[in-house]
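Values quoted throughout were computed directly from the atomic coordinates according to the rules given, and no laboratory measurement underlies them. In this text the structure is predicted, and so the values were computed from the model without any measurement. Here the Cβ positions follow ideal geometry from the backbone for every residue, glycine too, while neighbour counts run over all protein chains shown.
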Amino acid sequence: MTDWCNRIFCEDALLGLSRIPEASIDLIIADPPYGLGKDYGNDSDKLDADAYLAWMEQWIDLALPKLKSTGSLYIFLTWRYSPEIFVMLKKRMTMINEIIWDRRVPSMGGSVRRFSSVHDTIGLFVKAKDYYFDLDAVRVPYDAQTKKARSRSIFVGAKWLEMGYNPKDVWSVSRLHREHREREDHPTQKPLEVVERMIKASCPPGGVVLDPFLGSGTTAVAALRCGRQYTGFELNAEYCALIQERLATLDKGQATHSTVAPCE
């Protein structure tokens with residue numbers, strides 16, 4: 001096994017990415033600071049606009065060569081900077097989707113000078129036309145009523161009816177409230193449901209997922225739950241300890257890491 005696979009590196013991704021071999025990663029899931037001034041125990045989210053975009057370009061240029069030719073990138077962004085970063089990435093990759101993550105934020109006031117922002121933007125980019133994508137792994141089952149309504153002979157045995165439909169590009173998944181059982185002590189933790197869909201669709205079984213900004217470690221946990229490898233970086237030592245705790249306590253009934261082949 002390599003010395004970088006299934007490991008959490010408590011360091012700056014700008015420094016640590018050099019340890020990852022080129023063309024060794026199947027999928028990158030990136031949830032970088034949004035440039036909104038959040039407190040992650042450091043100043044990583046407190047750059048002005050120009051410095052923030054320059055930093056984004058810096059880590060993107062370091063991370064993309066790590067992808068295999070069939071690899072993909074999902075990147076979480078906010079509407080404030082997604083246009084600039086999408087243009088930046090389009091110069092380097094092919095854009096497949098703009099996904100809207102509807103966080104199901106309840107109506108509880110907010111600004112009176114603009115509409116309330118209740119979504120995150122996710123970009124899906126690929127390196128080549130033959131990128132890996134397993135639609136069947138993420139199909140959404142039809143309910144019994146819908147199946148019954150499609151009872152005519154032309155529908156009987158149809159794969160799409162039995163297996164479900166293609167998820168749309170609006171994903172309605174609740175954010176993690178403080179009382180949610182998944183919730184950890186991290187200000188921008190992403191739900192397992194969202195990250196697992198990405199992994200199942202865009203990383204082959206046993207493949208490797210890289211997360212340059214692990215945060216609470218959801219990508220690593222999701223990778224193990226889905227039978228994939230993981231590697232990644234996190235600046236905050238407290239978050240690194242949190243990730244290790246999450247991985248150590250992962251329900252063995254949910255994880256399939258014991259069946260995953262080691263990285264080559």
Open item on the list: Restricting to bridges with both residues inside the chain, how much of the DSSP beta-bridge set is antiparallel, in percent to the nearest 5?
Closed with: 45
- [ ] Taking H placed 1.01 Å from N in the peptide plane, check which residues at least 5 places from ASP134 or on another chain put their amide H under 5 Å from its amide H.
- [x] SER202
TODO: Starting from the stretch 1-84, pick out the GluC sites (Glu not before Pro) whose DSSP state is loop and whose Cβ has at most 13 other Cβ atoms within 10 Å.
DONE: GLU22
Open item on the list: Show me the ranking of peptides 230-242, 165-177 by mean Cβ neighbours inside 10 Å, starting with the highest.
Closed with: 230-242, 165-177
Open item on the list: At R0 = 41 Å, how high is the FRET efficiency between ASP50 and ARG113 if r is their beta carbon distance? Nearest 0.05 is fine.
Closed with: 0.95
- [ ] Search the structure for amide H atoms under 5 Å from the amide H of TYR142, placed 1.01 Å from N in the peptide plane, and list their residues when 5 or more places away or on another chain.
- [x] GLY164, TYR165
TODO: Within the set of other residues whose C-beta is less than 14 Å from the C-beta of LYS46, count the net charge using Lys and Arg as +1 and Asp and Glu as -1.
DONE: -4
TODO: Counting helices only, and only those DSSP H runs with n ≥ 4, report the 222 nm mean residue ellipticity of the chain as the sum of -39,500 (n - 2.57) divided by its residues, in deg cm²/dmol to the nearest 500.
DONE: -7500 deg cm²/dmol
Task: Prolate/oblate/rounded label for the stretch 21-77 (Cα gyration tensor, a/c 1.5) - done: prolate
- [ ] Compute the relative contact order of the chain as a whole-number percentage, counting only Cα pairs closer than 8 Å that sit 6 or more residues apart in sequence.
- [x] 26
Task: the stretch 1-128: antiparallel DSSP beta bridges as a percent of all, rounded to 5 - done: 75
Task: For the stretch 1-127: lysine pairs under 28 Å (alpha-carbon distance), excluding those fewer than 8 apart on one chain - done: 13
